[in-house]
Each structure stands twice: as structure tokens, then as C-alpha cells.
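The structure appears below as C-alpha cells.
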Amino acid sequence: MREMLKLGFILMAMSLLCAAALGYVNGQTEERIAAQREQAKADAMLSISATLGDSLSFDSLAVPGLENPYAETGRELAVVEVLSGGRRVGYVFTAYRKGYSSVVETMVALDTAGTVAGSTIIYQSETPGLGTRYASPDWQGQLAGLDGAAVALERDGGDISAVTGATVTGRAVTGSVADGVAALGQAGLFGDGGAE
């Protein structure tokens, strides 16, 4: 009995030591990791918006009456306007939807008419070799040039090919993009509503 208690205390001491070390390392790296995530988002925003113009700048946009189609994921729909030479040329937003094993976050760039200019998955932890294939530039390239409201897989009436065995993730990506575009359209951002 005494031997079991001794081993239990040793295990508890080691666990506390490991927890303290992990807490210390987290405290030391938290700001750097957050800065790297923000830089990755900024780089993604610039990359997917490249077709909208030259010398792009980005500014948060408050949109009255904008509904949040991502409430079920606990995230907000935030819209960033894309400017070229001081003129609005499009919008960027992040779309969220539960996939097979994670909430998939897809950053989308649109022109002022609601056509997808580019997209990229900025976070996912889907099944390696299946759901993760939706993050490939080749697959994401299928969205470019589509009317954002019509983004859907072929089996759902759209023009986008699904990855065999990973339809749940494909529907998460396409559905979240279409929902975001629909919300922006309902708020009047496309056509005359998008002009300054």
C-alpha cells in the first residue's frame, strides 16, 4: 500500500511539473503564435484578392443589417472591403461551417458583383488525404469566377467536383461560402449597393 502511495505522489509531482512547464512555454509563445496567425491571414487576404487589382489595401467594413449565417459555429461574419487606388473593388470574408471533424474556415474574396475572385482554407483539421484535399489550390481554383450564390458541389446542383469520400467537408466549404455571399447580397453590397 505504501509503495502505491509513493508511486501515486511521484506521478502527481511529475504531472504538476509537466503542466507548469507547458504553461510557461505557452505564455512565452502565445503572442508570437497570434502574430503569425494574423500575418498568415493578411497574406491569404492579399493572395486571394490579387485578381481584383493592383496596390490593394484592406479596411474593415461595418454593414448595417448584415445577418450572421455562422452563428451555429460561434463565429461572426466580418466583412473587409478591398480597395485599389482608393476605389472599392471587392470584399473579403471568412466562411465557417462544421465539416467532418472540425469547423472549416474558408477565406473568400469577391468582386463588387458577388463573383468569387479567390478562396483559401485558413483552418481545418479534417481527415488527412480526404477532407484536407479541399485545401489544395487546384480544388479551390474551381470556385474562382463563379457567382458566389451558386457555389455548390455537382451532386447539389452546382459545378464543383467533390473529393470522393469527403463530401461532408466539400459541402461545408461550398455551403459556408454560399451562405456568406447570400448574407452580403441581402445586405445590399453587390451591384449598385456595392458602389460608393
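What to note about this one:
- Filtered residues of the range 65-98 (kept if farther than 15 Å from residue 180 by Cα and out of contact with any Gly (no Cβ under 6 Å at 6 or more places or on another chain)): 83, 85, 86, 87, 88
- Between 91, 24, the distinction of being aromatic (Phe, Trp, Tyr) and over 22 Å from the mean Cα position of the chain (by Cα) belongs to 24 only.
- Whenever a residue of the range 121-132 is more than 21 Å from residue 144 (Cβ to Cβ), its partners that are modelled with pLDDT of 85 or more and not in a loop (DSSP other than H, G, I, E, B), lying with C-beta atoms within less than 6 angstrom and at least six residues away or across chains, give the pairs 126/132; 126/169.
- Filtered residues of the range 133-159 (kept if out of contact with any helix residue (DSSP H, G or I) (no Cβ under 8 Å at 6 or more places or on another chain), surrounded by fewer than 18 Cβ atoms within 10 Å (Cβ to Cβ) and in a helix (DSSP H, G or I)): 137, 138, 154
- Condition check for residue 59: of a type in the set (Asp, Glu) and either surrounded by fewer than 11 Cβ atoms within 10 Å (Cβ to Cβ) or not in a helix (DSSP H, G or I) (or both): yes
- Meets criteria (touching an Asp or Glu at 6+ places or on another chain (Cβ under 9 Å) and either part of a helix (DSSP H, G or I) or of a type in the set (S, T, N, Q) (or both)) for residue 26: no
- Entry remark, the range 160-171: residues being out of contact with any Leu (no Cβ under 8 Å at 6 or more places or on another chain) and part of a helix (DSSP H, G or I) number 1 in total.
- Between 50, 34, the distinction of being more than 30 Å from residue 164 (Cβ to Cβ), at pLDDT below 85 and assigned to a helix (DSSP H, G or I) belongs to 34 only.
The values are calculated or read from the model by the stated rules, or taken from the named source; none is laboratory data. Values in this document were obtained by computation on a predicted structure and should not be read as measured data. In this analysis, Cβ positions are derived from the backbone assuming ideal geometry, glycine residues included, and neighbour counts consider all displayed protein chains.
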